[in-house]
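Mind looking over this structure? Questions follow.
The values are calculated or read from the model by the stated rules, or taken from the named source; none is laboratory data. This one's a predicted model, so the numbers in the text were calculated from it and none came from an experiment. Cβ atoms come from the backbone with ideal geometry, glycine included; neighbour counts cover every protein chain shown. The accessibility values were calculated without ligands, DNA or RNA, using every heavy atom of the protein model including side chains. Shrake-Rupley method; radii C 1.70, N 1.55, O 1.52, S 1.80 Å.
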Amino acid sequence: MKKLPLHWKILLGMLFGVLFGLLFSQFEWGKALIVDWIKPFGTIFINVLKLIAVPLILASLIKGVSDLKDITQLSSMGWRTVGLYLFTTLTAVTIGLSIVNVIKPGNTISDKTRTELLSAYASDATAKQSVAAAQKEVGPLQALVDLVPSNIFAAMQDNGNMLQVIFFAIFFGIGIVLIPQKKSKSVKDFFEALNEVILKLIDLIMIASPYGVFALLAALVAEAPSADLFKALGLYTITVLLGLLCMILFYLMLVRLVTEKKIGFFLKGISPAQLLAFSTSSSAATLPVTMERVHEHLGVEEDVSSFVLPIGATINMDGTSLYQAVAAVFIAQAFGMDLSLGAQLGIIATATLASIGSAAVPGAGMVMLVIVLAQAGIPEAGLALIFAVDRPLDMCRTAVNVTGDASVSMMVAKWLGKLGIPKVKNWDDHYKN
Ligand code: ASP
């Protein structure tokens, strides 16, 4: 067991979690046992991951920016990052729309199933709608205003304020570059050491990760809704999964073409982060692990990984945007609506923006889907149709979101000449010491 590579250990943890959940949820006492005695360990695992996200962004981004020779490097990295993120998101929405228009999963939903689903999940759908309504009631420049915190400690208090922390870290890093080296040395040394400590903490968390994912998946299975509803949504689920698979293939092709690295190398390096993303459904909780894997196992220099990845976790959600496009058209089909080309083009724009605005936490993509539906004139109550399968699809789209961020960071690093030899060559030696 000790020799087993980390991604296998995590996979085994997931498998045992599902089996354990399936077995014990046959009995009422078994369900209670999982909810009371196993689920809390999953929650603790996610909390520990989230706990180090803000200090990690601060330490690594301040160190990364302050290592830059001059500030112009920052803007060339920034443009490439944002450009690539936009490109991959638009590709994702286009893939989603194409697949859903070919398969037409919504046409297979009978009137009876539609009524059943609508009544079973009506209240859940309304809850998501009211969260979305709160987000809609803001002015056009609010996102820009929200970027700049008025108090850094307040910003650091909430993991949802990641962009504010990123803003502060970059700003602070620029300040360090602009003062004489003799004076900046001690501040730089402090953040460098802090960064090392946090990376070590991530190693420790990864040792516990197979147990963490076991607890998360066992609880998920024990609390899952009945299988019959899943079956009614089978074709929709397959459509989303097919789209997500296309997206993964697209990343692999991009990474191969742009960085000339082998696909196996990329997958081996990033797979623990993908598995954690799948288990936690949160790219924010996975961020520390993504950052560590990309830097130490894929060879992306830290000034690039610490800049590209936290921004990606917040604004680049290709899996989410693809899912939103498929879900919107699916709901329209299920209601017998024919979407015009104009409405579909509108979905490309709104799904792109909605995925940028989605928080990197479980279920966020569905909240923002409300906005996509509203723009396209599709009944928002249709959310209830897809509720039953949202969690498993959330797990898959989060894994795609994280893979997208990692791919973009490798490409940006390659273009800037910052893709080197990974610090850790033997994947698992690292976790032993
Ligand atoms: N759970 C996703 C993430 O954290 C967001 C979503 O699609 O709901 O990346």
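Tally up the residues in the stretch 230-251 that are surrounded by fewer than 23 Cβ atoms within 10 Å (Cβ to Cβ) and at pLDDT below 85, please.
3
Let me ask something else. If you go through the stretch 301-328 one residue at a time, how many are among the hydrophobic types (A, V, I, L, M, F, W, C), out of contact with any strand residue (DSSP E or B) (no Cβ under 9 Å at 6 or more places or on another chain) and more than 16 Å from the ligand (Cβ to nearest atom)?
Going through the stretch 301-328 one residue at a time, the tally reaches 1.
Oh, and also: Can you pull out the residues in the stretch 307-318 that are within 15 Å of Leu287 (Cβ to Cβ), open to solvent by less than 10 Å² (accessible area, probe 1.4 Å) and not β-branched (Val, Ile, Thr)?
Leu309, Pro310, Gly312, Ala313, Asn316, Met317, listed by residue number.
Looking at Thr290, is it of a type in the set (Val, Ile, Thr), crowded, with 24+ Cβ neighbours inside 10 Å and within 15 Å of the ligand (Cβ to nearest atom)?
yes
Would you confirm whether or not the stretch 370-393 contains a residue that is over 19 Å from Val329 (Cβ atoms) and not aliphatic (A, V, I, L, M)?
Yes; the residues of the stretch 370-393 include at least one that is over 19 Å from Val329 (Cβ atoms) and not aliphatic (A, V, I, L, M).
Do the conditions hold for Gly106, that is, is it open to solvent by less than 50 Å² (accessible area, probe 1.4 Å), at pLDDT below 75 and not acidic (Asp, Glu)?
Considered against the rule, which asks whether it is open to solvent by less than 50 Å² (accessible area, probe 1.4 Å), at pLDDT below 75 and not acidic (Asp, Glu), Gly106 comes out as no.
Taking helices (runs of 4 or more DSSP H) that fall entirely within the stretch 329-421, which contain at least 2 residues that are open to solvent by 50 Å² or more (accessible area, probe 1.4 Å) and either hydrophobic (A, V, I, L, M, F, W, C) or more than 10 Å from the ligand (Cβ to nearest atom) (or both)?
Once the helices (runs of 4 or more DSSP H) in the stretch 329-421 are filtered for at least 2 residues that are open to solvent by 50 Å² or more (accessible area, probe 1.4 Å) and either hydrophobic (A, V, I, L, M, F, W, C) or more than 10 Å from the ligand (Cβ to nearest atom) (or both), what remains is 341-357, 390-415.
Okay, next question. Tell me the residue from Val177, Val197, Val145 that is of a type in the set (Val, Ile, Thr), part of a helix (DSSP H, G or I) and open to solvent by less than 70 Å² (accessible area, probe 1.4 Å), please.
Of Val177, Val197, Val145, the one residue that is of a type in the set (Val, Ile, Thr), part of a helix (DSSP H, G or I) and open to solvent by less than 70 Å² (accessible area, probe 1.4 Å) is Val177.
In the stretch 121-142, is there at least one residue being modelled with pLDDT of 80 or more, part of a helix (DSSP H, G or I) and not basic (Lys, Arg)?
Looking for residues that are modelled with pLDDT of 80 or more, part of a helix (DSSP H, G or I) and not basic (Lys, Arg), one finds none in the stretch 121-142, hence no.
Within the bounds of the stretch 13-20, is there any residue that is touching a residue at least 12 places away in the same chain (Cβ under 8 Å) and farther than 23 Å from Ser271 by Cα?
yes
Pick out the one residue from Ile46, Ile52, Ile99, Ile10 that is in contact with a Ser or Thr (Cβ under 9 Å, 6 or more places away or on another chain), open to solvent by less than 40 Å² (accessible area, probe 1.4 Å) and more than 26 Å from Ser321 (Cα to Cα).
Only one candidate passes the filter, namely Ile10.
Residues in the stretch 312-333: is at least one hydrophobic (A, V, I, L, M, F, W, C), under 16 Å from Asp394 (Cα atoms) and touching an Asp or Glu at 6+ places or on another chain (Cβ under 8 Å)?
Yes, there is a match, as at least one residue in the stretch 312-333 is hydrophobic (A, V, I, L, M, F, W, C), under 16 Å from Asp394 (Cα atoms) and touching an Asp or Glu at 6+ places or on another chain (Cβ under 8 Å).
Is it the case that some residue within the stretch 337-356 is at pLDDT 95 or above and among the hydroxyl-bearing types (Ser, Thr, Tyr)?
Looking for residues that are at pLDDT 95 or above and among the hydroxyl-bearing types (Ser, Thr, Tyr), one finds none in the stretch 337-356, hence no.
Would you confirm whether any residue within the stretch 208-229 is crowded, with 24+ Cβ neighbours inside 10 Å and in contact with a His (Cβ under 7 Å, 6 or more places away or on another chain)?
no
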